Amino acid sequence: MIVTTAGRTNQEWADFASQIADELRIEYIVRKKRSVIELQQLFDDDVIVVGKNRLEIHMRNASEPMFFHPNSAMFRAKRIAKGEHDPFLESAGLEKGMKVLDCTLGLGSDSIIASFSVGSEGTIIGLEVNPYIAYVVSKGLQTWESGHEKLDEAMRRVHVVSKDHYSYLLECENDSFDVVYFDPMFEESIDESNGINGLKNLGEKTSITKRVINEARRVAKKRIVLKDHWKSANFQKYGFNVVQRKSAKFHFGTIDLESETKKRS
């Protein structure tokens, strides 16, 4: 990975690109009116482009760049503020002050909504194993202005950690989060927005395994939530109770740890 500026730039953005290169420990390349494709070919590398309004990751094998955008979180937050139903929040059972671990951050849409729900008293940590995605999303969460004050505040509260979820879970204490959430990349194709399409070219496919679920059971105090394609075998395989949604391409599954504890008692 290398870093450069957008085609039209100034010294401020050149300095910012250089700073990003230092933070990510990669090389800063002066643009010199060269196209992104020319830079990819010349340096045989992928490129982070620093523009006035956003950072973009241009992969050599991708037709679209990856960049941060809150996507569905924008209209979902407006609906929630009006008291309307949100399937993710209902499945997770989120309340003010809760602590949530999003094991598969991606562009952070669900983490933003979780933060919007738990408020300033709560905690949202989002995990992203790819350091470049983590960096771009983290910067986006801190700077994006949606025009919705409460949503912007929710974005600022999401804490991004660049680490794979299994390693992170191993380091967590028992019952250290109220909810642990998984949204693996779907094995079945689903048409999404441009931001998600760009992410698909760069993101790593996330595996849900028995050892991961076992660690999530130890770490989560109240509930484990899985969002997956409606055809996914993960729900039944790992004991999730599926919330069936008619005509939806993905479902939410839950493991209610509090109910399991009561049954054992």
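No lab work stands behind these numbers, since they all come straight from the coordinates. Model, not experiment: these values are computed from the prediction. Every residue, glycine among them, receives a Cβ derived from its backbone with ideal geometry; neighbour counts consider all protein chains shown.
Near residue 150, which lysines are there with a Cα under 20 Å away, not counting those fewer than 8 places off in the same chain?
Within the straight-line cut-off, residue 150 pairs with 78, 82, 96, 99, 139.
Mind listing the phi-derived Karplus ³J(HN,Hα) values for segment 40-54, rounded to whole Hz, using 6.51, -1.76 and 1.60 with θ = phi - 60°, and x for any glycine or proline?
Here the 3J(HN,Hα) series is 4, 6, 5, 9, 6, 8, 7, 10, 9, 9, 9, x, 5, 10, 6 Hz.
Which whole-number percent is the relative contact order of the chain (Cα, under 8 Å, 6+ apart)?
Working: 478 pairs, mean separation 41.6, N = 265.
Across the chain, relative contact order equals 16 percent.
If the viscosity is 1.567 mPa s and the temperature 4 °C, what translational diffusion coefficient in µm²/s does Stokes-Einstein give for segment 11-80 when Rh comes from Kirkwood over Cα pairs? Could you put the intermediate results ahead of the total?
Details: Rh = 13.8 Å.
The calculation lands on 94 µm²/s.
Between residue 14 and residue 245, with labels modelled 7 Å along Cα→Cβ, what's the label distance in nm to one decimal, could you check?
Rounded to a tenth, the inter-label distance reads 4.8 nm.
Whose amide H sits under 5 Å from the amide H of residue 48, counting only residues 5 or more places off or on another chain, with H placed in the peptide plane?
Sorted by chain and number, the residues that satisfy this are 2, 3, 4, 58.
State the percent of C-alpha pairs, over all pairs in segment 2-52, separated by a distance greater than 12 angstrom. The partial results should precede the final answer.
Values: 715 of 1275 pairs.
Considering segment 2-52, 56 percent of its Cα-Cα pairs are separated by more than 12 Å.
Tell me the relative contact order for segment 2-52 as a rounded percent, counting alpha carbon contacts under 8 Å between residues six or more apart.
On the way: 65 pairs, mean separation 28.0, N = 51.
Answer for segment 2-52 is 55 percent.
State, in angstrom, two size descriptors of segment 46-147 derived from its alpha carbons: Rg to one decimal place and Dmax to the nearest whole number.
Computed over the Cα atoms of segment 46-147, radius of gyration and Dmax are 14.8, 44 Å.
Given 4 °C and 1.567 mPa s, compute D for the chain with the Stokes-Einstein relation, Rh being the Kirkwood radius over Cα pairs; round to the nearest whole µm²/s. Walk me through the numbers on the way to the answer.
Values: Rh = 19.5 Å.
It comes out at roughly 66 µm²/s.
Once you have the alpha carbon radius of gyration of segment 71-122, what is it after dividing by 2.2 N^0.38 Å, with N set to its residue count? Walk me through the intermediate numbers first.
Numbers: Rg = 10.3 Å, N = 52, 2.2 N^0.38 = 9.9 Å.
Normalised by 2.2 N^0.38 Å, the Cα Rg of segment 71-122 equals 1.04.
List the residues whose amide H sits under 5 Å from the amide H of residue 164, counting only those 5 or more places along or on another chain, with H placed 1.01 Å from N in the peptide plane.
Those lying under 5 Å, H to H, from residue 164: there are none.
Do the sum for the chain: with -39,500 (n - 2.57) for every DSSP H run of n ≥ 4, divided by all residues, what is the mean residue ellipticity at 222 nm, to the nearest 500 deg cm²/dmol? Show your work: numbers first, answer last.
Details: 12 runs with 107 residues, N = 265.
Mean residue ellipticity, 222 nm, calculated: -11500 deg cm²/dmol.
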